[in-house]
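Quick notes on the structure that follows.
Read-outs throughout are calculated quantities, based only on the coordinates presented, and are distinct from any laboratory measurement. What you see is a predicted model; the values in this text were computed from it and never measured. In this analysis, Cβ positions are derived from the backbone assuming ideal geometry, glycine residues included, and neighbour counts consider all displayed protein chains.
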């Protein structure tokens, strides 16, 4: 009698197919082959290097002597020194101008985020007929070029009186209050738009529970909503600090006293009458950029989480 050899068990066969192969498991996060991943990594690294090259080149030249680079060219290496930073800080009077920038930037950022969060809370929490109209009014400030409002704002601030302890000139001109208010006005539209959309993603059930517990509107805003929107506030704080800190247009229009100008104007003090020491200017530019970099690295985690909110929701 002949014996038949049975084939080895190859596992369960998928229903509806005649084969014996099991389908491959789905990889979480998508499938990318190893060669393709290497290519993508190389391309991203090259783009990052191309993007950072001007900053890295300025950083390298800021530690080099001007005479050495003039004699040997900027593609050479050598002539290392740290005197450029000392001279830039002294000649540009960076200590005074950095204090001026911080006295404008920090209050303007805090005031912008506070007012925008309150307006965004009202637009996201309460539904009524003029919601979109109010949001459009706040966004209108971002659609107008600042140059178009230069003369009206200048004349208005010139006519607004202030006590002498708030302004040496007796008006809004030549005072930090002018820069704080104008930056707040121009930045509120964008922040209101972002925060209102962020707050609309919060579950309505938590507000219903808060109302049942007797929480007032202020408590719902301050104790419930504000802790939940910290990632968005951190992301906006980073952006607003960068934009207001680097703002130069309104400072040159509304501030006419040299000792009140922000730090961005201090770079102009590093220019010579007949030639400009580019290595010295590079050192000054690095000094000016340091506060922005410090703020970004301190809020990096919250900044990324605020930008990626809802990116995985389908």
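Ordered by the count of other Cβ atoms within 10 Å of each Cβ, fewest first, 62, 33 give 33, 62. Between 270, 144, 212, the GNM of the chain built on Cα springs shorter than 10 angstrom shows 212 fluctuating the most.
Cβ-to-Cβ counts within 10 Å put 74, 128 in ascending order as 128, 74, the fewest first. For the chain, the longest principal axis of the C-alpha atoms and the axis of helix 150-159 are separated by about 60°.
In degrees between 0 and 90, to the nearest 10, how far off the longest principal axis of the chain does helix 34-61 point, with axes built from Cα atoms? With rounding to tens, the tilt is 10 degrees.
Length available on full extension from residue 223 to residue 205: 0.36 nm per residue minus the Cα-Cα distance, which gives 4.9 nm.
What residue among 88, 140, 282 has the largest mean-square fluctuation in a Gaussian network model of the chain, using Cα springs under 10 Å? For the chain, modelled as a Gaussian network with Cα springs under 10 Å, the answer is 140. The slack in the chain from residue 127 to residue 197, taken as 0.36 nm per residue of separation less the alpha-carbon distance, amounts to 23.9 nm. Cβ-Cβ distance of residue 67 and residue 264, R₀ of 35 Å, FRET efficiency by 1/(1 + (r/R0)^6): the value works out to about 0.80. Report, in degrees rounded to the nearest 10, the 0 to 90 angle that the Cα long axis of helix 176-200 makes with the longest principal axis of the chain. That works out to roughly 10 degrees. Any idea how far the Cα center of region 213-250 sits from the one of region 89-124, in Å? Answer, in whole Å: 13.
Comparing 213, 277, 259 in a Gaussian network model of the chain, where Cα atoms under 10 Å apart are tied by springs, the biggest mean-square fluctuation is seen for 213. For percent of Cα pairs over 36 Å apart, the value calculated from this model appears in (1) 44; (2) 21; (3) 51 under label (1). When each of 244, 133 is scored by the number of other beta-carbon atoms lying within 10 Å, the sequence from fewest to most is 133, 244.
Using alpha-carbon pairs under 8 Å, 6+ residues apart, how would you state the relative contact order of the chain in percent?
Values: 304 pairs, mean separation 80.2, N = 314.
Here the relative contact order equals 26 percent.
A crude spin-label estimate for the pair residue 110 and residue 143, with each label 7 Å from Cα along the Cβ direction, gives 3.3 nm.
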